[in-house]
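The values are calculated or read from the model by the stated rules, or taken from the named source; none is laboratory data. Bear in mind that the values here come from a model prediction, so they are computed numbers and not experimental data. Note that we place each Cβ from the backbone using ideal geometry, even for glycine, and neighbour counts take in every protein chain shown.
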């Protein structure tokens, strides 16, 4: 059983698995390691809960690299977490439990090359239909399906309608939002209801009750949710439970970028460092204390990226660049979502299935640009649904609009070395106005759940200089975690 990657094409879903074979007990997870399994030093504790692993340790400390990756990228990358003593099980490992824990290496890899035949729309459409067969046979119409103004949710809905399923369709947002306008217009034209759920308007919360909601979110979302989503009115929790009500299958369009040019890079070879500069540079080192070393930060991320791709040199073919999306970006980001939503019920993320990634990795860049191939998929599977207007300013039966092309060209034609400084340049243009937290991040709310002097995080960030609300929310999430860990946290 150990040391092999077989089964990736025969198993649907993302999971953690205890398997007993020949009197030997193994722990493994899905092909991409998307369902997160956490381990303490020496694998003394192995759990699917980050908080459970943390609670088992008498002493913990922040992992500096994981901490900065969480704040700058919404989640730690690779096998890191925000705590140095807790790591995630690598997709290249299986654990064998005995008197001691044995770590077995697992051989995996994608055949990262472009092939014009991969752009055969009918063949790819049939693969998607086949992938949906098992879940649809099990759940029938008891499926929760999102719908927004973009490609991915529309493609999921197209596949369900094509199979004769009548899912419950929903959209998040408020009246006037583009996603809501597109989704409700499609529902009206097609004759099905679209649930509009406005999380922000779910409930009014007094400051006195805010701590109770954050405490609930902290445990329900395992301490450190993606993007620091602890601080809300309870609407996110209700939405998650709604998607699983009555045993429904929640289907997600996430990872649909396997069909597109995710990193917006031109059709030529790149170095692994170029991907990091182009996509993972949304920060200003001046917002950090002396604890941050920018060169060391990028070196550590580069090592993680090259390990994920199985490329020691860092010199990447253009096809290997595309493989960085499913192998490096998706497992930590969507994996955390998969692991959390899986607590509530069945969850299906079809575009992050091995069977689809294995085939779509061969799509040439020209087919990826501006969603050209994905539009053809939609038109093949459900032409009427493809014909409705999208948030891009055109239907998916038409060529990409000039507005759509220009919006992507801004990134596509900027070299990675320049994109590295894009976020900093935008902040400079804004003049770095003093941050004035509003809503649940305002002092009257946030001060109920953390120390607003940020005693833990001010070791890493210059809180008086910070001007970005998103980074502030993520830092506040880590400050909240530090408060929960209390005296067990080494400083």
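Just one of the listed residues (84, 54) is under 23 Å from the mean Cα position of the chain (by Cα) and surrounded by 23 or more Cβ atoms within 10 Å (Cβ to Cβ), and it is 54.
Residues that are within 28 Å of residue 127 (Cβ to Cβ) and in contact (Cβ under 8 Å) with a residue 60 or more places away in the chain were ranked within segment 171-209; the one that is surrounded by the fewest Cβ atoms within 10 Å (Cβ to Cβ) is 190.
Applying a threshold of 8 Å to beta carbon distances and a minimum spacing of six or more residues, or different chains, the list of pairs starting in segment 391-406 at a residue that is at positive phi and ending at one that is surrounded by 14 or more Cβ atoms within 10 Å (Cβ to Cβ) reads 393/401; 393/404.
Here residue 385 does not fit the description of being part of a helix (DSSP H, G or I), closer than 30 Å to residue 31 by Cα and either in contact (Cβ under 8 Å) with a residue 12 or more places away in the chain or within 18 Å of the chain's Cα centre (by Cα) (or both). From the list 187, 176, 134, the one residue that fits, being part of a loop (DSSP other than H, G, I, E, B) and out of contact with any helix residue (DSSP H, G or I) (no Cβ under 9 Å at 6 or more places or on another chain), is 176. Which one is nearest to residue 227 (Cα to Cα) among residues in segment 54-78 that are touching a helix residue (DSSP H, G or I) at 6+ places or on another chain (Cβ under 9 Å) and assigned to a strand (DSSP E or B)? Among those residues, the one meeting the criterion is 62. Would you confirm, using the coordinates I've provided, whether residue 233 is in the same structural domain as residue 341 (by TED's automatic domain parsing), more than 26 Å from residue 138 (Cα to Cα) and not in a helix (DSSP H, G or I)? Spelling it out, residue 233 is indeed in the same structural domain as residue 341 (by TED's automatic domain parsing), more than 26 Å from residue 138 (Cα to Cα) and not in a helix (DSSP H, G or I). Considering only segment 318-325, I want to know if a residue exists there that is out of contact with any helix residue (DSSP H, G or I) (no Cβ under 8 Å at 6 or more places or on another chain) and either assigned by TED's automatic domain parsing to the domain that holds residue 237 or surrounded by fewer than 23 Cβ atoms within 10 Å (Cβ to Cβ) (or both). Looking for residues that are out of contact with any helix residue (DSSP H, G or I) (no Cβ under 8 Å at 6 or more places or on another chain) and either assigned by TED's automatic domain parsing to the domain that holds residue 237 or surrounded by fewer than 23 Cβ atoms within 10 Å (Cβ to Cβ) (or both), one finds at least one in segment 318-325, hence yes. Listed here are the helices (runs of 4 or more DSSP H) enclosed by segment 391-454 that have at least 2 residues being farther than 24 Å from residue 148 by Cβ and not assigned by TED's automatic domain parsing to the domain that holds residue 149: 416-419, 422-430, 443-446.
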